[in-house]
1. Describe numerically, in nm with one decimal, the distance between label points set 7 Å from Cα along Cα→Cβ at HIS44 and at THR107.
2. What does the charge count near LEU33 come to, summing +1 for each Lys or Arg and -1 for each Asp or Glu among other residues with Cβ under 9 Å from its Cβ?
3. Please work out whether segment 66-116 counts as rounded, prolate or oblate from its C-alpha gyration tensor, where a ≥ b ≥ c are the square roots of the eigenvalues and a/c under 1.5 means rounded, while otherwise a/b larger than b/c means prolate and anything else oblate?
4. Can you figure out the FRET efficiency of GLU126 with SER63, using R₀ = 30 Å and their beta-carbon distance, to the nearest 0.05?
5. Between helix 27-44 and the chain, what is the angle of the helix's C-alpha long axis to the longest principal axis, kept within 0 to 90° and rounded to the nearest 10?
6. Assign one of three labels to the chain, namely rounded, prolate or oblate, based on the Cα gyration tensor with a ≥ b ≥ c the square roots of its eigenvalues; rounded applies when a/c is under 1.5, prolate when it is not and a/b is larger than b/c, and oblate otherwise.
7. Counting only helical runs of four or more DSSP H residues, what would the 222 nm mean residue ellipticity of the chain come to if each run contributes -39,500 (n - 2.57) and the total is spread over all its residues?
8. Against the longest principal axis of the chain, how steep is helix 108-128, in degrees 0 to 90 to the nearest 10, with axes from Cα atoms?
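We did not get these values from a lab; they are worked out from the coordinates using the rules stated. Computed from a prediction, not measured in an experiment: that's the story for all the values here. All Cβ positions, even for glycine, are placed from backbone atoms using ideal geometry, and neighbour counts span all protein chains on display.
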Amino acid sequence: MEIVERMYYGFGRILLALSMADGKVDRAEIDSLEKSVDSAEENHKVDLTMVKTAFQQWKGTPSFSAEEMLRGGIKDFHLGDLHLTPELAGIFREMVIDIVHAEPPVTEDEHDLAQSFITYLHEREENIK
């Protein structure tokens, strides 16, 4: 796996963690992921195949909690985040919001996990400016 792919792979795990935070991965969250990825690929000409791959690959491993999945995702994301751009950060933020709001109501756990990644993302953005 290329270094830049680690960022996308980690982001797929992060989105799965957000989907798992309310106790189950809902169809609306999967649909939101697919719609968000397709939109980003079309509008921003970025290949997010690895995001979908990681989400699907890890979805079948219920032995991880949402928090563990988020930590692992951030670790993977960090391995490739030297390739993070302000445009990508914006895309990732939008996708996080879409996933969290895909299946109402937004739980406190979903909000907290999303905020944790958004804070991390903001810190990384500060390093690329």
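1. Result: 2.7 nm between the two label points.
2. On the way: positive: LYS35, LYS52; negative: GLU29, ASP31, GLU34, ASP98.
Charge balance in the 9 Å sphere: -2.
3. Numbers: a/c = 3.12, a/b = 1.41, b/c = 2.21.
Here segment 66-116 falls in the oblate category.
4. On the way: r = 35 Å, r/R0 = 1.16.
That gives a FRET efficiency of 0.30.
5. Between helix and principal axis, roughly 20 degrees.
6. Rounded is the answer for the chain, as its axis ratio a/c remains below 1.5.
7. Values: 6 runs with 99 residues, N = 129.
Here the helix-only value at 222 nm equals -25500 deg cm²/dmol.
8. 0 degrees
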